[in-house]
Structure formats: structure tokens, C-alpha cells
1. Looking only at segment 16-42, count how many residues are in a loop (DSSP other than H, G, I, E, B), modelled with pLDDT of 85 or more and either over 11 Å from the mean Cα position of the chain (by Cα) or under 18 Å from Ile104 (Cβ atoms) (or both).
2. Starting from residues that are among the small types (Gly, Ala, Ser) and surrounded by 19 or more Cβ atoms within 10 Å (Cβ to Cβ), keep the ones in segment 43-64 and report whichever is modelled with the highest pLDDT.
Amino acid sequence: MSTAKCISPAAAPGGRCLFRGKEHRTTLTTAEFKEWLKQFDADGDGRISRRELREAIRRRGARFASVKAWRAVRRADRDRNGFVDECEMESLVDFAEKELGFLISGEPITSSSSSARHNWKW
């Protein structure tokens, strides 16, 4: 039996636990994942930096948060500006599923909408 603790209900969408253990895994929609990630956007610029993602991974209880954040941003950041923004979010969702143990379902993120592409404020 795992002794791991869940992220507080206030930090998790819908009050659900986001810890990696199998007994704690809950399927999130892409919108819920983004909403959870939003709380770590410290500067409020609508983008996720490696430092902000590292904090999100740490709060989730994962080991080697710095390395995982570096890998996630490196994989998702297509324009190499050091941030994951709206048009790159789909790659971050894929990484979160494969490498961080998230179960994410729902409609895929598309960048066809000009409002989503230019005004990503979560």
C-alpha cells in the first residue's frame, strides 16, 4: 500500500488526486490538465517555463523534477524560446502522459483557432 499523499483538492482539478501511483491515477481532460498547470504560471504570461514546469512536477511528487522538466520543455518547445505556449501544448500533453503518468483524454488541442494561437491565457 502506498503512503504517498495526494495534491491538495484545491490544487487538483475537481478535487481529484494527481499523484503518480496506479491507485491514484485519474483521467483528466486536456482542459483540466491545462487548468492544473495554470497555477504554476508564476509570472502570468500564459506560457510555461522550465522552472515553472519543474515546480509542477515536484508538487506532483515525481522524482528528478529538474531533469523531467528540462526534457519536457526540450521536447515540446518547437520554436526553442524556452517556453511551452499554446501551439506547443499538445506535445507537453503527450509528454505528461508518457513520462509523468498522467491519464489525459478529451479533445485534442488544435492550433487552427487564431484566438487560441494568439491569446493563450488558459
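1. The initial filter retains those residues of segment 16-42 that are in a loop (DSSP other than H, G, I, E, B), namely 16-21, 25-26, 39-42.
Filter again for modelled with pLDDT of 85 or more, leaving 39-42.
Then drop every residue that is not either over 11 Å from the mean Cα position of the chain (by Cα) or under 18 Å from Ile104 (Cβ atoms) (or both), which leaves 39-40, 42.
Count: 3.
2. Quick first cut of segment 43-64, residues among the small types (Gly, Ala, Ser) only: 44, 46, 49, 56, 61-62.
With the extra rule that they be surrounded by 19 or more Cβ atoms within 10 Å (Cβ to Cβ), the set shrinks to 49, 56.
Details: Ser49: 96, Ala56: 92.
Checking each candidate, the answer is Ser49.
The values are calculated or read from the model by the stated rules, or taken from the named source; none is laboratory data. Values in this document were obtained by computation on a predicted structure and should not be read as measured data. For neighbour counting, all protein chains shown are included, and Cβ atoms are generated from backbone atoms with ideal geometry for every residue, glycine included.
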